[in-house]
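The structure under discussion appears below in the form of structure tokens.
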Amino acid sequence: MISLNATHDPALRSFVESANRPDHDFPIQNLPFGVFRRGGAEPRIGVAIGDEVLDLAAAAEREFLAGLGDAIHQACRADALNPLMALGAEAWSALRSRLSTMLSAGSDHAAATTLIPLGEVALALPARVGDYTDFYASIHHATQIGAMLRPENPLLPNYKWVPIGYHGRASSLVPSDTPVHRPAGQLKDDAAPAPVFGPSRALDYECEVALFIGPGNALGVPIPIDRAGSHLFGLCLLNDWSARDIQRWEYQPLGPFLSKSFATTLSPWVVTAEALAPFRGPVLPRGQGDPAPLPYLLDPIDQTHGGFDVSLEVWLHTDAMRRSNRPPARLSACSFLQMYWTLAQIIAHHASNGCNLRPGDLLASGTVSGPTEDSRGCLLELTWRGTRPVTLPGGEVRRFLEDGDEVILQGHCRRDGAVPIGFGECRGRILP
């Protein structure tokens with residue numbers, strides 16, 4: 001577990017004035033990492049602070065990171081976060097501490113020479129993702145989906161024993177603001193004698209939180225649950241776009257395939273585990289009669305501090321809204337504290353058979369949903385398979401996504417005694 005330190009001080013202010021606004025996602029207490037391009041230049045690692053991005057390569061070249069060691073210097077000059085992720089928590093904390101000092105209002109402001117306005121850069125994927133695994137960690141989502149398919153037995157018997165996941169497609173991960181083409185695939189109506197091939201008519205989003213793996217483990221060497229947190233570099237938002245009609249036809253017996261692999265959108269800024277320390281808390285209590293996790297998934301500290309208090313919102317902006325200059329409409333809001341399986345349990349389970357996790361690997365939570373109708377994290381749940389359409393401001397109706405729809409995910413952490421932090425946005429617009 002990461003303890004609080006000077007970087008979390010709620011009295012800390014930055015000389016970057018925009019970072020001191022109470023409604024900004026990127027105060028000095030956050031300092032998320034990402035990758036950016038400026039003009040036609042090569043990608044570089046940056047840190048978001050207010051409306052600016054600090055160029056870490058420039059900071060290293062100008063000796064602002066002196067004394068942190070050659071490994072950190074080299075990692076800050078890389079074109080992706082993988083080398084930094086590989087260094088481990090001690091290096092991450094040392095770099096974060098130096099950045100906090102450099103950007104504080106009490107500094108000599110010399111770091112201003114490394115700042116670039118966010119509006120002048122293009123944001124890329126934060127890391128080279130070798131492997132991507134998506135889990136199914138929300139019991140509310142699993143129960144509600146099960147109730148549609150198996151009303152008499154919504155939750156399969158293994159759910160409360162084992163974190164369920166599937167191997168996703170890393171090559172089709174895209175950064176926020178990348179357009180998403182409507183996928184085509186095999187579709188079969190219940191009454192049809194055979195499937196047809198065509199564009200999905202039931203395109204959906206899934207509001208998720210994803211983690212990036214830090215040092216990882218050697219092949220054949222599991223990660224113990226009490227060490228899993230040391231392999232968690234940070235979190236971002238993830239939209240697991242899903243073609244429900246393709247999924248419905250293909251998922252048995254081996255699970256989703258082409259219904260998921262056409263695109264997955266990531267928010268560009270990775271909020272570090274250390275930045276999230278003030279927002280940790282107890283996990284969702286298990287229901288009466290639920291089994292305790294097996295010993296390899298049970299750690300007392302994880303049970304008391306393994307929850308992340310992240311509030312998530314899903315917004316929809318349609319073509320009609322844009323044409324009439326109307327703002328996006330909020331579809332749902334939910335809490336990441338509602339997850340049945342913790343991130344440490346997900347990491348430990350993934351590596352429990354000796355599977356090697358590598359720096360920059362991406363593990364996602366699965367759809368984050370709550371117990372109420374307005375906390376459901378996808379249209380499949382919100383519209384109950386399209387049978388209960390959502391009416392938007394202005395009178396538009398949605399069962400599933402239409403061409404031109406833009407889905408916007410947002411995440412924020414707020415607690416008494418801590419400065420609120422945010423994740424930025426995870427956006428994607430549907431093209432034909």
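Would you confirm whether any residue within segment 166-174 is at pLDDT below 95, surrounded by 15 or more Cβ atoms within 10 Å (Cβ to Cβ), out of contact with any helix residue (DSSP H, G or I) (no Cβ under 9 Å at 6 or more places or on another chain) and not aromatic (Phe, Trp, Tyr)? No, segment 166-174 contains no residue that is at pLDDT below 95, surrounded by 15 or more Cβ atoms within 10 Å (Cβ to Cβ), out of contact with any helix residue (DSSP H, G or I) (no Cβ under 9 Å at 6 or more places or on another chain) and not aromatic (Phe, Trp, Tyr). With respect to the conditions (1) among the polar types (S, T, N, Q); (2) part of a strand (DSSP E or B); (3) surrounded by fewer than 18 Cβ atoms within 10 Å (Cβ to Cβ), Thr133 lacks only one, and its number is (3). The C-beta contact set for segment 13-26 (first residue within 20 Å of Leu276 (Cβ to Cβ), second residue open to solvent by 20 Å² or more (accessible area, probe 1.4 Å) and β-branched (Val, Ile, Thr), distance under 9 angstrom, 6+ apart or interchain) comprises Pro22/Val419.
Quickly run through segment 343-400 and pick out the residues that are part of a helix (DSSP H, G or I), within 16 Å of Ala147 (Cα to Cα) and open to solvent by 10 Å² or more (accessible area, probe 1.4 Å). Correct list: Glu373, Leu380, Leu382. In segment 249-306, the qualifying residues are those that are under 17 Å from Cys236 (Cα atoms) and aromatic (Phe, Trp, Tyr), and the one that is surrounded by the most Cβ atoms within 10 Å (Cβ to Cβ) is Trp269. Counting only residues that are open to solvent by less than 10 Å² (accessible area, probe 1.4 Å), over 18 Å from Thr265 (Cα atoms) and more than 19 Å from the chain's Cα centre (by Cα), segment 203-222 holds 0 of them. Each residue in segment 32-69 was checked for being farther than 19 Å from Ser176 by Cβ and in a loop (DSSP other than H, G, I, E, B), and 12 pass. The sole residue among Ala11, Ala66, Ala57, Ala19 that is in contact with a helix residue (DSSP H, G or I) (Cβ under 7 Å, 6 or more places away or on another chain) and at pLDDT 95 or above is Ala57. When restricted to residues that are more than 21 Å from the chain's Cα centre (by Cα) and farther than 24 Å from Thr178 by Cβ, segment 397-432 contains 5. Of the residues contained in segment 76-91, none is found to be under 17 Å from Glu17 (Cβ atoms) and without any contact (Cβ under 8 Å) to a residue 12 or more places away in the chain.
Every listed requirement among (1) open to solvent by 50 Å² or more (accessible area, probe 1.4 Å); (2) without any contact (Cβ under 8 Å) to a residue 40 or more places away in the chain; (3) in contact with a helix residue (DSSP H, G or I) (Cβ under 7 Å, 6 or more places away or on another chain) is met by Gly106 save one, (3).
The values are calculated or read from the model by the stated rules, or taken from the named source; none is laboratory data. Predicted model only: the values in this text are computed from it and were never measured. Cβ: placed from backbone, ideal geometry, glycine included. Neighbour counts: every protein chain shown. Each accessible area value is taken on the protein alone, full model and side chains, heavy atoms only, with ligands, DNA and RNA left out. Shrake-Rupley method; radii C 1.70, N 1.55, O 1.52, S 1.80 Å.
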